[in-house]
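Working notes, beginning with the structure itself.
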Amino acid sequence: MQSVKAGSKHLIREINEAIVLDAVRTHGFRSRSEIAADTGLSAPTVSGITADLIERDFLYEHSTGQSAGGRRPVMLALNASAGYVIGVKVTENAVIAVLTDLAATVIHRRHRKLQGTSLDQVVALIAKVTADLRSRVEGERVYGLGVGTAGVVDSANGIVHHGTYAHWRDAPFGDMLYQRTGLPTIIENDVNALAVNEHWFGIGKDIPNLLVVSLGRGIGLGLILDGRLYRGAFGGAGEFGHVKVHGDATPCACGAEGCLEALVADPAIERAVSAIAGRPTTTEEAADLARGGDDAMRRVFTDAAAHLGRAIANLVNTLNPQLIVLSGEGSHASDLMLDTLHESLRHHVFSGLSDGLEVVVEPWDDEAWAQGAASLVLAEMFQPALRPGTDVERPSLSASAVG
Ligand SMILES: [Zn+2]
């Protein structure tokens with residue numbers, strides 16, 4: 001459970017403000033009486049809060065709406081440029097950063113090469129890029145920094161327990177970034193950030209149960225269950241790449257055998273297609289050969305799709321999602337995989353759970369991952385009741401740094 005401090009009037013006020021803002025944000029335009037109906041707050045409370053939010057520039061009176069007779073209600077809208085947030089995606093060799101407005105629209109972007117993947121090097125580069133982006137909106141409010149990185153992340157306490165690329169162990173990444181930037185910082189597993197972004201701003205808007213499966217050098221999974229990001233007990237939920245799908249001894253980078261990732265991720269596909277070609281061959285080259293009619297190459301992708309489909313079917317049978325989003329750089333070969341994947345789902349998903357199940361491909365680029373990290377901050381601002389009970393400073397509507 002969240003800890004809402006008893007008697008904390010300020011926090012309750014802040015939560016109510018966020019609830020009101022979220023009602024407006026979700027619908028685009030909303031009258032005060034609609035907001036009261038949406039939120040269950042009393043009319044005087046809504047009136048007081050909206051007056052304050054207009055005064056502080058978060059809301060503006062947009063137009064007068066439809067009325068069934070009598071006075072037309074005034075519609076309120078979110079002022080997306082009332083402030084900004086910064087989102088960063090850390091890859092094994094680069095930092096991709098974006099500055100977005102309150103509607104997650106990217107305003108400025110930066111792409112910087114990493115000289116190394118030590119904690120100090122990554123923190124220093126993010127601090128530098130953050131300062132650069134903030135200088136572009138000097139005098140404006142910047143509410144926080146969101147950072148997505150691969151690995152097992154304790155988002156509540158800002159700790160990377162196990163970094164996939166950089167081999168970090170129990171790294172106080174969030175606190176180091178906060179010390180360097182002065183911005184409330186949220187760190188999160190990068191696929192979780194994607195899932196939050198899909199749920200808040202993307203194709204999964206208003207879909208409470210959705211899964212984001214990322215395909216690439218690894219296989220990741222972000223779970224939105226009952227409208228919330230599911231992190232698990234220690235932040236490690238979604239290590240989908242290491243579910244066991246095969247009894248054979250295919251070794252995985254994690255040290256185990258028979259993992260999905262060892263059969264389906266890019267390195268596995270590269271190994272298989274290189275063996276067929278008799279020379280080092282990339283996934284992209286192999287995909288082109290397959291599209292050109294090379295059946296042996298095509299079979300590598302359809303075999304991978306069959307493994308992936310069986311594993312996803314197990315997820316569907318366990319979690320009953322409505323939407324599955326396939327993403328990541330590996331999804332660029334989805335045209336070679338989708339038929340087999342769907343066939344596998346038809347075969348393995350328990351009947352009744354496939355009705356209404358939708359699978360879509362969203363080939364995200366690096367910038368979209370950074371936008372996903374920015375949406376972590378926005379989600380926190382608009383739903384502060386979701387904050388885990390910790391002493392870490394979180395982004396909020398009442399606390400911002402001026403850029
Ligand atoms: Zn593994």
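Report, to the nearest 10°, how far helix 190-201 tilts away from the longest principal axis of the Cα atoms in the chain, using its own Cα long axis and a range of 0 to 90°.
Roughly 50 degrees, rounded to the nearest 10.
So with the 1.4 Å probe, I'd like the accessible area per residue for segment 9-78, rounded to whole Å². Spell out each step's value before the answer.
On the way: 3770 Å² over 70 residues.
Spelled out: the 1.4 Å probe surface of segment 9-78, per residue, equals 54 Å².
Please give the contour-minus-distance gain from PHE350 to ARG112: 0.36 nm per residue of separation, less the Cα-Cα distance, rounded to one decimal in nm. Intermediate values should be presented prior to the final figure.
Values: separation 238, 0.36 × 238 = 85.68 nm, distance 4.60 nm.
Between PHE350 and ARG112, full extension yields an extra 81.1 nm.
Given the Cα-Cα distance of ARG13 and LEU319 and 0.36 nm per residue of separation, how much length would full extension add, in nm? Numbers along the way, then the final one.
On the way: separation 306, 0.36 × 306 = 110.16 nm, distance 3.52 nm.
Taking 0.36 nm per residue and subtracting the Cα distance, the gain is 106.6 nm.
With a 1.4 Å probe and every protein chain kept in, tell me what percent of the accessible surface of segment 74-125 is carbon plus sulfur. Please report the intermediate quantities before stating the final value.
Numbers: 920 of 1850 Å².
That fraction is 50 percent.
Helix 295-319 sits at what angle to the longest principal axis of the chain, using alpha carbons and giving 0 to 90 degrees rounded to 10?
Its long axis makes an angle of about 50 degrees.
Run through all the Cα pairs of segment 62-151 and give the fraction in each 5 Å bin from 0, expressed as whole percent.
Reading upward from the zero bin: 3, 13, 21, 17, 12, 9, 6, 5, 5, 4, 3, 2, 1, 0.
Given segment 246-387, report the % of alpha carbon pairs whose separation exceeds 22 Å.
Numbers: 5063 of 10011 pairs.
Here the tail beyond 22 Å accounts for 51 percent of pairs.
Work out the charge dipole of the chain with +1 on the Cβ of Lys and Arg and -1 on the Cβ of Asp and Glu about the Cα centre, then indicate which of ALA333, ALA249, ALA131 is farthest towards its positive end.
Value computed over the given set: ALA131.
Report, please, the projected area of the chain averaged over directions, based on the convex hull of its C-alpha atoms, in nm².
Values: hull surface 89.9 nm².
The directionally averaged projection comes out at 22.5 nm².
Treating cross-link reach as a plain straight distance, find the lysines whose alpha-carbon is under 25 Å from the alpha-carbon of LYS128, omitting any fewer than eight places away in the same chain.
LYS89, LYS113
Could you tell me the largest-minus-smallest coordinate of the C-alpha atoms of segment 114-240 on each of the three principal axes, in descending order and whole angstroms?
Between the extreme Cα coordinates on each principal axis of segment 114-240 lie 38, 34, 26 Å.
Nearest 5 percent is fine: what portion of the DSSP beta bridges confined to segment 123-206 is antiparallel?
Numbers: 6 of 11 bridges.
That works out to approximately 55 percent antiparallel.
In Å and on Cα atoms, what radius of gyration and Dmax does segment 282-321 show?
Taking only Cα atoms of segment 282-321, I get Rg and Dmax of 13.5, 38 Å.
Can you send over the carbon and sulfur percentage of the accessible area for segment 213-359, probe radius 1.4 Å, protein chains only?
Working: 3530 of 7070 Å².
Percent of accessible area from carbon and sulfur atoms in segment 213-359: 50.
Got a sec? Charge dipole of the chain, +1 on Cβ for Lys and Arg, -1 for Asp and Glu; which of GLY83, PRO44, VAL273 is way out at the positive end?
Among GLY83, PRO44, VAL273, the one farthest towards the positive end of the dipole of the chain is PRO44.
Treating only the Cβ of Lys, Arg, Asp and Glu as charged (+1, +1, -1, -1), what charge dipole size does the chain show about its Cα centre? Round to the nearest 20 debye. Mind dumping the intermediate values first?
Details: 34 positive and 48 negative charges, 191 e Å.
My answer is approximately 920 debye.
Which value, to two decimals, describes the C-alpha radius of gyration of segment 9-78 once divided by 2.2 N^0.38 Å? Write down the numbers at each step before the final one.
Details: Rg = 11.6 Å, N = 70, 2.2 N^0.38 = 11.1 Å.
So the Cα radius of gyration is 1.05 times the expected 2.2 N^0.38 Å.
Calculate how many DSSP beta bridges within the chain are antiparallel, expressed in % of all such bridges and rounded to the nearest 5. Present the calculation step by step, with values, prior to reporting the outcome.
Values: 41 of 61 bridges.
Given both bridge residues lie in the chain, the antiparallel proportion sits at roughly 65 percent.
The values are calculated or read from the model by the stated rules, or taken from the named source; none is laboratory data. Note that the structure is a prediction, hence the values are computed from the model and not measured. Quick reminder, even Gly has a Cβ in these numbers, built from the backbone with ideal geometry, and neighbours come from all protein chains shown. Surface accessibility is based on the protein's heavy atoms, side chains included, excluding ligands, DNA and RNA. Shrake-Rupley method; radii C 1.70, N 1.55, O 1.52, S 1.80 Å.
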